[in-house]
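Notes follow the structure.
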Amino acid sequence: MENKEVIKALAALAQPNRLQIFRALVVQGPGGMTPAVLAEQLAVPAATLSFHLKELLNADLVSQERSGRNLIYRAQFDRMNAVLGFLTQNCCQGQACLTEPAVACDC
């Protein structure tokens, strides 16, 4: 990953509503959620949710798929893992600093 991609992803997550939305999509897993379900679950107005989903899409942290009349949003687990990998690359100058290795999400 390039620095600018990581900065874009972290900037998108550096807003409370977007972080909450992204975490809800991560918890939901590969099945994803519709905006209506997200709005209800998170108590976020539809217009606000739409704005934040657009920002997460722009940062490539979520994907959008049409299913009939619905849009389904999913966390981009490969992107999330790439950001985490970038942040922990060369951790502790190559020394063992974790008692257990971090496990990437296989969702």
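The values are calculated or read from the model by the stated rules, or taken from the named source; none is laboratory data. Just so it is clear, the structure is predicted and the values come from calculations on it, not from any experiment. Quick reminder, even Gly has a Cβ in these numbers, built from the backbone with ideal geometry, and neighbours come from all protein chains shown.
Below are the figures for this structure:
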| quantity | calculated |
| --- | --- |
| Some residue of the stretch 36-58 being basic (Lys, Arg), in a loop (DSSP other than H, G, I, E, B) and either surrounded by 14 or more Cβ atoms within 10 Å (Cβ to Cβ) or free of Cβ contacts under 8 Å to residues at least 24 places away in the same chain (or both) | no |
| Test: ILE21 is β-branched (Val, Ile, Thr), without any contact (Cβ under 8 Å) to a residue 60 or more places away in the chain and closer than 24 Å to LYS4 by Cα | yes |
| Single condition ARG18 does not satisfy, out of (1) modelled with pLDDT under 95; (2) surrounded by 13 or more Cβ atoms within 10 Å (Cβ to Cβ); (3) charged (D, E, K, R) | (1) |
| Residues that are surrounded by 11 or more Cβ atoms within 10 Å (Cβ to Cβ), in contact (Cβ under 8 Å) with a residue 12 or more places away in the chain and either touching a Cys at 6+ places or on another chain (Cβ under 7 Å) or part of a strand (DSSP E or B) (or both), drawn from the stretch 59-79 | VAL62, SER63, ASN70, LEU71, ILE72, TYR73, ARG74, ALA75, PHE77 |
| Tally of residues being at positive phi and either in contact with a Pro (Cβ under 8 Å, 6 or more places away or on another chain) or among the charged types (D, E, K, R) (or both) across the stretch 39-60 | 1 |
| Condition met for LEU87 (surrounded by 14 or more Cβ atoms within 10 Å (Cβ to Cβ), under 17 Å from the mean Cα position of the chain (by Cα) and either modelled with pLDDT of 95 or more or in a helix (DSSP H, G or I) (or both)) | no |
